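The values are calculated or read from the model by the stated rules, or taken from the named source; none is laboratory data. Not measured: the values here are computed from a predicted model. Because the Cβ atoms are built from the backbone with ideal geometry, glycine has one as well, and the counts that use them run over all protein chains shown. To get the accessible areas, we keep the full protein, side chains included, count just its heavy atoms, and leave off ligands, DNA and RNA. Shrake-Rupley method; radii C 1.70, N 1.55, O 1.52, S 1.80 Å.
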Amino acid sequence: MTTILDPTDEREPIGRQLTKRPEHITGTVGLLDISKPRGNVLLDRIESLLNERVPEVQVNRYMKPTFAKPAPDELRRKMMEEVDFVIEALAD
């Protein structure tokens, strides 16, 4: 069993299950930079590794206008239409 901690409120933990992972990555992967310092460095490395290990996968890059607020609806809709997976960068 995996324990997932919610940084927004752990007074009453909520039980969650991990989503089943596909055996192979196919299609398009979206890399979302949340606009924190050095997030782009992390995503550059992830993009490089994806290109090396699964060159048939297309990589699209996205950026939130600020890390202080959720991604705007327009950005979320765009990613939902364009990608099959999303990796979000949380770095400082």
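General remarks:
- Of all residues in region 45-92, exactly one satisfies the criterion of being in contact with a helix residue (DSSP H, G or I) (Cβ under 8 Å, 6 or more places away or on another chain), among the small types (Gly, Ala, Ser) and not in a loop (DSSP other than H, G, I, E, B), namely 89.
- When residues of region 33-44 are limited to those that are assigned to a loop (DSSP other than H, G, I, E, B) and in contact (Cβ under 8 Å) with a residue 40 or more places away in the chain, the one most open to solvent (accessible area, probe 1.4 Å): 38
- Evaluation of residue 56 against the conditions (1) within 22 Å of residue 22 (Cβ to Cβ); (2) exposed (fewer than 10 other Cβ atoms within 10 Å of the Cβ); (3) without any contact (Cβ under 8 Å) to a residue 24 or more places away in the chain; (4) not polar (S, T, N, Q) shows that the sole unmet condition is (3).
- Condition met for residue 21 (open to solvent by 80 Å² or more (accessible area, probe 1.4 Å) and at pLDDT 90 or above): no
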